[in-house]
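Down below is the structure, laid out as C-alpha cells.
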Amino acid sequence: MFVDNVKITIESGSGGHGSISFRREKYVPNGGPDGGDGGWGGDIVFEATPGINTLVDFRYKKHFRAEPGGNGGGSKCKGKNGGDLILKVPVGTLVRYGWETDEAGNPGGLVMADLKEPGERRVLAKGGRGGRGNQHFATPSRQAPKFSEDGKPGLSYQVTLELKLIADVGIIGFPNAGKSTLLSRVTKANPKIANYQFTTLSPNLGVVRPDYSSSSGGRDFVLADIPGLIEGASKGVGLGFDFLRHIERTRVLLHIVDAARLEDDLTPVQAIEKINAELNAFNPNLLERPQIIAANKADLPLDENHITELNTFAQSKNWPVFLISAATSQGIDALMRGISDTLANAPETSGFEPDYETYFEPERAEEFITVEKIKDGLYSVEGPGIERLLGYTNMADERGFAFFQRYMRERGIIEKLENLGIQENDTVQLYELEFDYWK
C-alpha cells in the first residue's frame, strides 16, 4: 500500500524526578543529603532510511512516545536516561508542524525537517530534563533540605509526514499516453499497464542503469511515473493533486504525449499546455525545470501537421522532442541519451528549508515573573521560576515553607503585591496553589 501523507503525534520522554535521601551510616557522622538526580527523558528522532518507500507504518499507529527518564535514588545515584525513539521514514520525507492544510488540501504547516539524505537524522522533540536531587539544595543555613526537583515533562507535537519522492526525472502526461509502458521498458519496474484511465494509482519508481544500450552516459538516474494528471487535477479532478507533490524534487520533466491519437480532441501541443497549466496551478516553479517532449506511439499512423506543430512549439521553448514508441522500443535509446545529457546540465533542486525552530529546553536565562490583580481580593503570580519552585519545595515542611517565603521576598514578589494594594486575608494564586496573605 502506497501511503505518502499521514498525521501523527510525537511525544518525548519526561525527565525523572530527583530523589530526597540522606546518608545514614553508623560510622559516618553528618552524612548529609545524597539524593540523586533524575534521568533525561528520551528524544524523538526521525531517520531517513533507504529501502522504505511508503509511510504505511504510520497509517494506523498515530501516537509515538519516547521512554521517560528514571527517578534518582539515594547515595547520589542518578536515574537512567530514557531511550530515544527512532522513527524510520522514507528518504524524501518532509515533517511539518501541525495538522492544518491549505485551501487546496495540501499540508500547510511550517517545515520542521526535510529528510532528503539517506541516513540523515533529526531530533524533533528533546526529552525532558531530569529533576535535581536534594543534594543540590544544601546550603550552610539549610543543611538537610527535604525537597527535590521534579523532572521536566516531555514535548508533544502534532506533525504531518509528507513524502516527496526523490527522483531525477518525473514522467508526466495524460492517462494512457504510455508513461508506465516506457518505465517498464527502460527499468525493472513492473507497473500495471492497461487500456483505461487511472491504471496507475500510485507513483512508480525505476532506475535506468548505465548499461541500458550504453545510452545513459555511464550514470544511473531515477524515473518517477506520476499518475493522475488531467485537466483540473490541481483542483481535485480525477486522482486530484495527491501525487503532484512527487515531482517537486525532480530535476527534469519528461512530458509524454500521445502523438497518434487526439486526447479529447486535443492536439499534442494542446495536451502539453493543459498539463503544464496544472503544474503551474500547483507550483509555478515546476515550469522552470527543463522539459523533454517524448511523442509516443510513433509505430502508429501520425498526423504530420500535428508533429510539425509540436516541433515548432518545442523549439520556441527550447525543449528537445523525441519521436518514440514505448511499445516497440523505437527511439528509446536516443531519448535516454537526451535525458542523460539534460541531467548533466540541470541544476539540483533546492530542499525545503526548516522554517519552524523545534523547541529545545532553553538555558536558565533571566527569569520573568508576572504579578497581576485578577479582581478585588484575588491576585495571581506566574513565571518559570515559580513553576520550578513549586516543583521542588515541600510546603508541608517548616523549612521548605520558610524557603518559599524568602524566595517571594527576595524576588520582590511581596513588594509587587503590596504595590497592587493587597490586603490581609486576600488570596494569592500560584498556578494550582492558593494561600492567604498575611503581613
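Values as computed for the structure displayed
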quantity: Partners for LYS179 among lysines (Cα-Cα distance below 18 Å; same-chain residues under 8 apart left out); calculated: LYS188, LYS192, LYS274, LYS297
quantity: Around GLY92: net Lys/Arg minus Asp/Glu count, Cβ-Cβ under 9 Å; calculated: +2
quantity: Residue order, fewest to most surrounding Cβ atoms within 10 angstrom, among TRP319, TRP99; calculated: TRP99, TRP319
quantity: Distance cut-off 14 Å, percentage of C-alpha pairs in segment 370-436 lying past it; calculated: 58 percent
quantity: Above-threshold pairs, the threshold being 24 Å between Cα atoms, out of LYS80/LYS126; LYS146/LYS373; LYS375/LYS439; calculated: LYS146/LYS373
quantity: GLN429 paired with ALA277, simple spin-label distance in nm, labels 7 Å along Cα-to-beta-carbon; calculated: 5.9 nm
quantity: Simple spin-label estimate for ARG24 and ARG409 in nanometres, 7 Å along Cα-Cβ; calculated: 3.3 nm
quantity: Linear extension gain, HIS63 paired with ASN311, 0.36 nm per residue minus alpha-carbon span; calculated: 83.9 nm
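Bear in mind these aren't lab numbers, they're just calculated from the coordinates by the rules spelled out. Keep in mind that this is a model prediction, so the values were computed, not measured. Using ideal geometry, Cβ is built from the backbone for each residue, glycine included, and neighbour counts are taken over all protein chains shown.
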